Amino acid sequence: MNLILIGPPGAGKGTQAKILEDKYGLKQLSTGDMLRAEVASGSDLGKKAKDIMDRGDLVPDDLIVDMIASRMEADDCKNGVIFDGFPRTVDQAQALDSMLSEKGNPLAAVILFEVDEEELVGRLNTRVEQAKAAGQEVRADDNEETLRNRLQVYRNQTAPIIPYYEAEDMLSRVDGMASIDEVSASVASILDKAKAA
Ligand code: ADP
């Protein structure tokens with residue numbers, strides 16, 4: 001079972017992906033986490049991605065699609081994958097569709113987290129404060145100015161994948177402003193329906 005979580009930065013995709021990993025034995029693939037690991041390792045891809053990410057812009061589609069395609073070959077992806085932060089453009093969505101249909105391994109669901117954008121700025125500030133309090137490094141792109149750009153990039157480049165998946169009759173919506181437990185109950189009911197179908 002493969003699924004996609006869509007939503008702006010701070011919508012709670014990562015939190016729910018972790019819950020789903022435990023509950024359904026799926027593997028979370030966060031392209032943001034994968035890219036941050038590339039930057040930290042100093043790989044060619046990391047070098048290409050770093051400044052783009054620091055600005056909150058999108059890393060080129062071909063780099064992302066290659067990165068995901070090779071990651072999906074690993075054994076831990078056999079039970080299925082939760083795509084978190086991917087696809088982020090219609091071109092990435094099309095590339096994923098062909099990748100999955102080649103494998104004969106279709107998408108079970110695409111879940112959109114609907115959130116109030118102004119609340120996201122507050123969530124980001126909380127995330128930064130928590131990271132600092134825990135002595136963790138704060139992400140270079142976790143500041144209000146870059147977040148505003150990430151939200152704009154989401155509206156311009158990522159939101160068009162919503163009608164794309166609606167046209168495929170794949171899209172479900174959850175209220176991302178609800179509590180973590182409420183969101184995870186809504187997500188579970190969507191997946192249970194998808195599995196039964
Ligand atoms: P966010 O908290 O904004 O959802 P992520 O951790 O998902 O952040 O991603 C951080 C950055 O990594 C993005 O702003 C972008 O530069 C890059 N990135 C992550 N996923 C993708 C993708 N699928 N396509 C292009 N760029 C990506």
| task | Counting only heavy atoms of the protein chains, get the accessible area per residue of the chain (1.4 Å probe) and round it to a whole Å² value. | result | 51
| task | Could you check the simple spin-label distance between residue 76 and residue 24, using points 7 Å along Cα→Cβ, in nm with one decimal? | result | 1.8
| task | Determine which lysines satisfy two conditions relative to residue 103: a Cα distance under 21 Å, and not lying fewer than 8 residues away in the same chain. | result | 27, 78, 195
| said: Quick check of the Kirkwood formula: for the range 111-187, what is the inverse mean of 1/r over all pairs of different Cα atoms, in Å? | reply: 14.3
| query | What does the range 10-108 give for Rg and for Dmax, in Å, if only its C-alpha atoms count? | reply | 13.6, 37
| request: Over all alpha-carbon pairs of the chain, lay out the pair-distance distribution in 10 Å bins, whole %, shortest bin first. | output: 8, 36, 40, 15, 1
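Between residue 132 and residue 175, what length in nm is gained on full extension when 0.36 nm per residue of separation is reduced by their alpha carbon distance?
On the way: separation 43, 0.36 × 43 = 15.48 nm, distance 2.85 nm.
Between residue 132 and residue 175, full extension yields an extra 12.6 nm.
For a protection proxy built on the mean count of beta-carbon atoms within 10 angstrom, sort 103-114, 119-130 highest first, please. Display every interim value, and only then the final one.
Details: 103-114: 17.6, 119-130: 14.6.
Top of the packing list down: 103-114, 119-130.
The values are calculated or read from the model by the stated rules, or taken from the named source; none is laboratory data. Keep in mind the model is a prediction, meaning the values are calculated, not measured. Counting neighbours? That spans all protein chains shown, and the Cβs are built from the backbone with ideal geometry, glycine included. Surface areas here come from the heavy atoms of the whole protein model, side chains and all, with no ligands, DNA or RNA. Shrake-Rupley method; radii C 1.70, N 1.55, O 1.52, S 1.80 Å.
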